[in-house]
Amino acid sequence: MKGRFEGAVALVTGGAGGIGAGVALRLGREGAHVAVTDLSGSGAEVVAARVRQQGGQASAHALDVTRAEDTERVLDEVEHLAGTVSLAVTCAGIDSQFDFLDLSLTEWQKTIEVNLQGTFVVIQAVARRLKAKGGKGHIVAVASAAAKRPNPTQAHYGASKAGVVNLVRSAGVALARDGIVVNAVCPGVVDTDMTRAIHIERSRLSGLSEEESLARMIQSIPIGRIQTVDDVAHVVAFLLSHEADYMVGQAVNVCGGLAFD
Ligand SMILES: NC(=O)c1ccc[n+]([C@@H]2O[C@H](COP(=O)([O-])OP(=O)(O)OC[C@H]3O[C@@H](n4cnc5c(N)ncnc54)[C@H](O)[C@@H]3O)[C@@H](O)[C@H]2O)c1
């Protein structure tokens, strides 16, 4: 397949999920070899097969992003199969809904571990290898509009994503002179399993039905519709391209007008 990313090797974490799969398919269509990784190895394999069905190149790898040694193992596998990873997108993430006073330390730690620590582990591992080889590359972390807005039932999630926004600033500045471009995207309300699960949980807390809870959320989005995974993938692909080479450590809102700073 011909495209902007022909010959490049891309790592996608959380690749079995909604946004991860959308990004993997997009990068495959644009010519990259896509290493689809996820906690669920079988889920990653399903998405890798879809990339291959559309004429692209992909491999599947089970990866828990909270584990540095797991990340190194997968990067070894990918390097052996396809070459050094020069494009990475961190989509692995979890969310849950708890009233602030009921949020446990365990839930807080789990969310920070996957969303923030997991993003750090992957960015650092990819960048270390690239720098050691003198290679240039692009890394995009999927943060969230929740990083920039308060939410009484998502203190842990919002804090983890605000951490990602600041992590990307530091990594972006630290790696800029090595030609490793690090940025983030902040999606809003995307049509994925995570969003459906959020509104099942919110209905438990609010007494609204799941459908009413989601409809109320969509009503509050200035653009007036839920976001597709392609709305996110378009901007991720731009940030992975040379057109974004002068962007350092930015967290780009792609959220239909939910967040501005
Ligand atoms: N859905 C939204 O509205 C929305 C909005 C803003 C940001 N985001 C963020 O986008 C990213 C993708 O979200 P999504 O909607 O596609 O969710 P999703 O639940 O569909 O996919 C998330 C994927 O991450 C994987 N995962 C979870 N823990 C992992 C771990 N420890 N290691 C590796 N993989 C792990 C899951 O198996 C799953 O496949 C997440 O970081 C999420 O926080 C989502």
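The values are calculated or read from the model by the stated rules, or taken from the named source; none is laboratory data. Keep in mind that what you see is a predicted model, and the values were worked out from it rather than measured. With ideal geometry, Cβ positions are generated from the backbone for all residues, glycine too; neighbour counts draw on all protein chains shown.
Brief remarks on what is shown
- Just one of the listed residues (248, 229) is in contact (Cβ under 8 Å) with a residue 24 or more places away in the chain, hydrophobic (A, V, I, L, M, F, W, C), within 16 Å of the ligand (Cβ to nearest atom) and surrounded by 15 or more Cβ atoms within 10 Å (Cβ to Cβ), namely 229.
- Taking region 42-85 as the range and being among the hydroxyl-bearing types (Ser, Thr, Tyr) and more than 16 Å from the chain's Cα centre (by Cα) as the test, the residues that pass are 42, 59, 84.
- Enumeration of residues in region 232-254 that are in contact with a Gly (Cβ under 8 Å, 6 or more places away or on another chain) and in a helix (DSSP H, G or I): 232, 233
Here's the yes/no breakdown for (1) basic (Lys, Arg); (2) surrounded by 20 or more Cβ atoms within 10 Å (Cβ to Cβ); (3) more than 22 Å from residue 10 (Cβ to Cβ):
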position	(1), (2), (3)
149	yes, no, yes
170	no, no, yes
178	no, no, no
198	no, yes, yes
215	no, no, yes
221	no, no, yes
225	yes, no, yes
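- The numbered conditions (1) in a loop (DSSP other than H, G, I, E, B); (2) under 18 Å from residue 261 (Cβ atoms) are all true for residue 183 except (1).
- Pairs where the first residue, in region 9-20, is of a type in the set (Val, Ile, Thr) and modelled with pLDDT of 95 or more and the second is more than 6 Å from the ligand (Cβ to nearest atom) and in a loop (DSSP other than H, G, I, E, B), C-beta under 9 Å, 6+ apart: 9/32; 9/82; 9/83; 9/84; 9/85; 9/86
- Selection count where residues are within 15 Å of the ligand (Cβ to nearest atom) and among the small types (Gly, Ala, Ser), scope region 188-214: 3
- Taken over region 125-162, the criterion of being more than 11 Å from the ligand (Cβ to nearest atom) and in a helix (DSSP H, G or I) is satisfied by 125, 126, 127, 128, 129, 130, 131, 132, 155, 156, 159, 162.
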